[in-house]
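Beneath this line is the structure, given in structure tokens, with notes to follow.
Only the coordinates and a few stated rules stand behind these numbers; no lab work does. Here the structure is a predicted model, which is why all the values come from computation and not from measurement. Backbone-built Cβ (ideal geometry, glycine too); neighbour counts: all protein chains shown.
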Amino acid sequence: MNTFDALNQRISANFFDTERKLSSQQLTDLINYAQQAPSAFNIQHSRYLVVTDQSAKEQLKSIAFNQQKVSDASAVIIVLADERGHERMPDIAQQGVDQGIYDNNVRDYFVNATQGAYADNPTAAHDEALRSASLAAMNLMTAATAMGLASGPMIGFDSAQLKQTFNIGERYNPAMMIAVGYARPGNWQKKPRLAAAQVAVMDVRPARDHALSS
Ligand SMILES: Cc1cc2nc3c(=O)[nH]c(=O)nc-3n(C[C@H](O)[C@H](O)[C@H](O)COP(=O)(O)O)c2cc1C
């Protein structure tokens with residue numbers, strides 16, 4: 001399936017085949033595709049908890065306000081946003097040097113810039129982590145579609161309870177969870193989308209009013 005078809009065909013599924021399970025290779029592939037998403041400074045704030053055990057999914061379902069798809073989908077992937085991701089920057093930036101992509105000066109720039117941007121600014125760190133994790137989540141869902149799978153993003157869960165139940169460290173903010181598996185019949189078709197002309201302003205110029213000015 002090409003990218004355009006995957007983007008057009010993805011839906012948020014509610015109904016999953018409870019009999020068909022994903023292989024560990026499929027789950028690993030999904031995470032690796034998610035990891036190809038961009039992130040601020042390549043911090044790669046996203047972390048993933050993959051829930052496949054049925055009793056674990058049942059507990060997760062109660063945290064997710066009893067959304068049935070949490071129990072039915074082969075896996076539920078909790079996408080976490082590391083709000084202290086910038087602390088890993090020395091290691092991440094060094095990898096670019098080791099692979100000959102940039103030199104030590106660039107590495108040091110990345111380390112200093114990320115410390116400057118986020119170390120004393122928890123709001124910026126929170127927002128950046130959530131942004132980057134959301135892009136990874138979208139990659140994961142597009143990849144799932146391309147792999148012939150169905151996915152369903154969810155923010156309908158009790159975040160504090162989730163963190164407590166699954167022993168999630170303070171620095172990790174649950175961005176969303178994604179039910180993933182094989183679809184069973186009954187899912188809605190793609191819901192309508194606003195057209196480009198309704199949401200985009202073309203050829204914007206400074207100091208000129210446009211549809212989004214008020
Ligand atoms: C961040 C986010 C959170 C969502 N949370 C839920 C949820 O908790 N439960 C649910 O059934 N759908 C959830 N959805 C799915 C949306 O309702 C769905 O994406 C939207 O209606 C558009 O439908 P489509 O994805 O099938 O095109 C969520 C979607 C996003 C992006």
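Overview of results
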{"item": "Criterion: part of a strand (DSSP E or B) and over 21 Å from Asp53 (Cα atoms) - qualifying residue of Asn173, Asn187", "result": "Asn173"}
{"item": "Scope region 43-79; condition closer than 30 Å to Ala113 by Cβ and of a type in the set (Lys, Arg); matching residues", "result": "Arg47"}
{"item": "Enumeration of residues in region 1-14 that are in a helix (DSSP H, G or I), within 14 Å of Gln189 (Cα to Cα) and hydroxyl-bearing (Ser, Thr, Tyr)", "result": "none"}
{"item": "Where a residue in region 191-214 is touching a residue at least 24 places away in the same chain (Cβ under 8 Å) and its partner, wherever it lies, is assigned to a helix (DSSP H, G or I), with Cβ under 6 Å and at least six apart", "result": "none"}
{"item": "Residue match in region 166-182 (condition: under 17 Å from Ala75 (Cβ atoms), of a type in the set (D, E, K, R) and touching a strand residue (DSSP E or B) at 6+ places or on another chain (Cβ under 8 Å))", "result": "no"}
{"item": "Every pair of residues 6+ apart whose Cβ atoms lie under 8 Å, when the first sits in region 165-187 and is surrounded by fewer than 17 Cβ atoms within 10 Å (Cβ to Cβ) while the second is of a type in the set (Ser, Thr, Tyr)", "result": "Arg184/Thr18"}
{"item": "Identity of the residue in region 131-151, assigned to a helix (DSSP H, G or I) and among the hydroxyl-bearing types (Ser, Thr, Tyr), that ends up farthest from the chain's Cα centre (by Cα)", "result": "Thr145"}
